[in-house]
Amino acid sequence: MYLKEGCSLLLKVQKPIIPFVLNTNLNVNLLPQAPNPATEIKESYVVKRLRQEPCVPLALHFFKSVTNSNLFKHTPLTFEVMIRKLAVDGQVDSVQYLLQQMKLQGFQCSEDLFVNVISVYRQVGLSERAVEMFYRIKEFGCDPSVKIYNHVLDTLLGENRIQMIYTVYRDMKRDGFEPNVFTYNVLLKALCKNSKVEGAQKLLVEMSNKGCSPDAVSYTTVISSMCELGMAKEGRELAARFEPVVSVYNALINGLCKESDYKGAFELMRDMLEKGVSPNVISYSTLINALCSFGETELSFSLLAQMLKRGCHPNVHTLSSLVKGCFVRGTSSDALDLWSWMIRGFELQPNVVAFNTLVQGLCSHGDMEKALSVFAHMEGNGCSPNIRTYGSLINGFAKRGSLEGAVDTWNKMLTSGCSPNVVVYTSMVQALCRHSKFREAESLIENMCKENCAPSVATFNAFIKGLCDAGRIDWAEKVFIQMEQQYKCHPNIVTYNELLDGLSKANRIEEAYSLTREISMRGVEWSSSTYNTLLHGSCSAGLPGIALQLAGKMVVDGKSPDEITRNMIVLAYCKLGKVERAVQMLDQVSCGGGRKWRPDVISYTNVIWGLCSSNCREDAVIILERMISERIVPSVATWNILLRCFIIDDNLSS
């Protein structure tokens with residue numbers, strides 16, 4: 001076997017080999033011993049044998065053997081038991097065959113049997129077959145009922161066949177059946193699933209007008225959908241019209257948390273208690289999760305204490321949220337201590353989501369040894385890692401610069417039968433680029449397409465960034481063209497920023513500005529990074545005047561200068577010999593957009609360089625003293641500038 005240049009078997013995605021073992025031994029002797037062949041077999045015996053046999057092929061073999069024995073004639077009950085068994089096993093064709101046999105023998109099928117059959121079609125994603133079967137039930141001596149209609153509607157809901165739902169519902173009313181609360185709830189879910197909240201609200205009114213009072217499921221469905229669409233306020237108004245239930249409150253709390261309205265969420269919790277509705281673990285966990293996501297760890301632990309005080313024990317979701325909060329504001333050790341305390345104290349059994357939260361947090365903190373330890377513990381506990389687990393580890397190793405760790409995890413992932421997704425591929429591309437393995441990265445992107453996993457713009461951005469960081473600008477430009485022409489993937493502003501950065505660092509500023517014209521022609525909006533990259537490139541290329549013009553354009557375009565922008569402007573003024581203006585900028589307290597600016601070591605170093613270049617040594621010393629008084633530690637670059645100014649230049653002039 002020959003490999004393309006740069007390819008590696010180590011990174012080649014191999015589909016796992018699945019052993020195919022077919023057991024053809026269906027010897028009836030494996031079943032319990034049958035009664036004397038000369039004796040007529042009773043229905044109760046056949047039913048018992050069929051129900052007790054766990055192996056469906058053996059049960060079917062027995063069913064056929066009894067038929068051929070001439071000692072027993074199958075009854076509607078034995079047919080139904082066998083059909084139910086086949087249905088649970090998902091054997092649709094066999095179910096159809098036995099139903100046809102019942103029809104030929106003149107047996108009527110029960111309503112419950114058809115409900116089971118329709119449920120099977122739902123499990124295997126064959127809603128259309130379910131509808132076809134439903135419209136044939138009269139052929140099998142079974143009349144339609146509200147119960148069967150509801151199961152058909154629910155099956156169609158599972159595949160979001162909204163038009164078919166309307167058709168079946170219309171036929172239901174045509175046949176004279178009055179919808180019950182289950183029917184309406186299916187319709188409400190269908191409307192909400194398709195963002196038709198107004199229609200769902202009208203249906204709630206229709207339910208009440210027809211004497212079918214909406215239940216907790218009805219209101220929770222509609223209010224949850226309203227909250228998902230950013231209509232938490234309207235949802236709260238709707239909730240005020242009926243008797244409060246905890247599920248509706250939970251939907252509202254979730255909606256308010258998504259809108260970052262924690263004050264409103266806490267008010268709802270108080271409202272629940274005042275109305276005698278006890279918050280449950282979902283209520284608390286939803287709010288704790290939102291608080292932890294925004295770094296409000298102390299507040300989330302206060303809520304945990306309140307939760308425990310009220311006798312409500314945390315679940316795995318609460319654990320995952322608090323661990324995530326520890327990583328946002330704390331350290332790896334805090335998260336691990338919390339994990340151990342909650343697992344032991346509340347006897348929680350972590351699931352894959354909880355383990356992934358811990359692994360991802362450890363990886364984000366660069367603690368790969370502990371992340372691998374948790375990974376091993378996860379497997380030891382019988383919790384199979386999934387793509388997110390492997391993705392977190394590969395991304396962690398990539399950021400740490402450990403190609404060996406990333407490749408080892410990649411190979412474990414493939415061996416386990418877990419196929420990489422676009423996020424994991426992108427992390428692997430980053431890991432390869434950090435070690436200048438650009439040919440391997442290119443081969444991996446080619447392999448993505450072969451595995452029907454289209455590379456995303458983030459994948460190409462990672463590749464282009466790696467090439468630009470290594471000074472391989474021409475290759476990066478080639479990849480930039482390929483991503484559109486060959487892979488039909490359009491660049492975004494991040495793609496352009498990476499190329500601009502590479503061109504600027506290579507002192508190819510004219511090409512950089514030429515690329516900006518393409519950005520504008522395509523209607524891609526510049527980001528703050530675009531301006532900052534060009535500012536840095538212009539200053540480095542000895543074009544401080546153009547840099548200042550660009551800063552002015554940035555403000556006109558509505559972009560607020562940040563700390564990097566301010567430092568570039570300071571440098572530009574210094575390079576133009578306008579050091580007084582640079583010094584004045586140190587006294588400014590705003591970055592624009594209401595953000596405060598505090599000059600950093602770069603700001604002061606740029607000003608000191610400007611003063612030294614203008615032979616203003618005393619002023620440079622004053623700025624140095626001011627810098628130190630503000631507890632900003634001078635860098636090596638700062639001292640080098642001063643050293644050259646006071647010692648080297650003196651020696652050169654003497």
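Please give me the summed charge of the neighbours of Gly255: other residues whose Cβ is under 11 Å from its Cβ, Lys and Arg +1, Asp and Glu -1.
For residues surrounding Gly255, the net value is -1.
Pairs of Cα atoms under 8 Å, at least six residues apart: use those to get the relative contact order of the chain, whole percent.
6 percent
Just from its helices, what would the mean residue ellipticity at 222 nm be for the chain, if runs of 4 or more DSSP H residues each count -39500 (n - 2.57) and the sum is divided by every residue, rounded to the nearest 500 deg cm²/dmol?
Values: 36 runs with 441 residues, N = 654.
Calculated from helices alone, the mean residue ellipticity at 222 nm is -21000 deg cm²/dmol.
Note down the net charge around Glu178, summing +1 for each Lys or Arg and -1 for each Asp or Glu among other residues with Cβ under 13 Å from its Cβ.
Surrounding charge for Glu178 is +2.
Could you give the distance between the Cα centres of the stretch 286-330 and the stretch 51-66, to the whole Å?
Each part's Cα centre sits 52 Å from the other's.
For the chain, find the longest principal axis of its Cα atoms and tell me its angle to the long axis of helix 601-613, 0 to 90°, nearest 10.
Value to nearest ten degrees: 20.
Could you sort out which of Lys64/Lys103; Lys147/Lys189; Lys210/Lys258 sit more than 25 Å apart by Cα distance in this structure?
Lys210/Lys258
Restrict the search to the stretch 159-260; then list the trypsin sites (Lys or Arg not before Pro) that DSSP places in a loop and that have at most 12 other Cβ atoms within 10 Å of their Cβ.
Here the trypsin sites (Lys or Arg not before Pro) that fit, given the DSSP loop and packing criteria, are Lys210, Arg241.
How far is helix 111-123 tilted off the main Cα axis of the chain, in degrees rounded to 10, range 0 to 90?
30 degrees
The stretch 300-394: which GluC sites (Glu not before Pro) are DSSP loop and have at most 12 other beta-carbon atoms within 10 angstrom? Please report the intermediate quantities before stating the final value.
Numbers: sites: Glu347, Glu369, Glu379; in loops: Glu347.
Sparse-neighbourhood loop GluC sites (Glu not before Pro): Glu347.
In the chain, once you exclude exposed chymotrypsin sites (Phe, Trp or Tyr not before Pro) (DSSP loop, at most 10 other Cβ within 10 angstrom), what's the longest stretch remaining? Provide the component values of the computation, followed by the final result.
Working: sites that count: Tyr2, Phe20.
The reported range is 21-654.
Which of the GluC sites (Glu not before Pro) found in the stretch 519-592 are in a DSSP loop and have at most 15 neighbouring Cβ atoms, other than their own, within 10 Å?
Glu525
Rank the residues Ser300, Ser520, Ser416 as a footprinting-exposure proxy: fewest other Cβ atoms within 10 Å of their Cβ go first. Before the final figure, lay out the partial values.
On the way: Ser300 25, Ser520 10, Ser416 15.
Fewest to most other Cβ atoms nearby, the residues stand as Ser520, Ser416, Ser300.
Output the 0 to 90 degree angle, nearest 10, between the alpha-carbon long axis of helix 387-400 and the longest principal axis computed from the alpha carbons of the chain.
Rounded to the nearest ten degrees, it is 10.
If Lys and Arg each add +1 and Asp and Glu each add -1, what is the summed charge of the other residues whose beta carbon sits under 15 Å from the beta carbon of Gln108?
Values: positive: Lys103, Arg136, Lys138; negative: Glu80, Glu111, Asp112, Glu139, Asp143.
Taking every other residue near Gln108 into account, the sum is -2.
Every read-out reported here was derived from the displayed coordinates using simple, explicitly stated rules and does not represent laboratory data. Just so you know, these numbers come straight off a predicted model, no measurement behind them. No Cβ is skipped: glycine too gets one built from the backbone with ideal geometry, and neighbour counts run over all protein chains shown.
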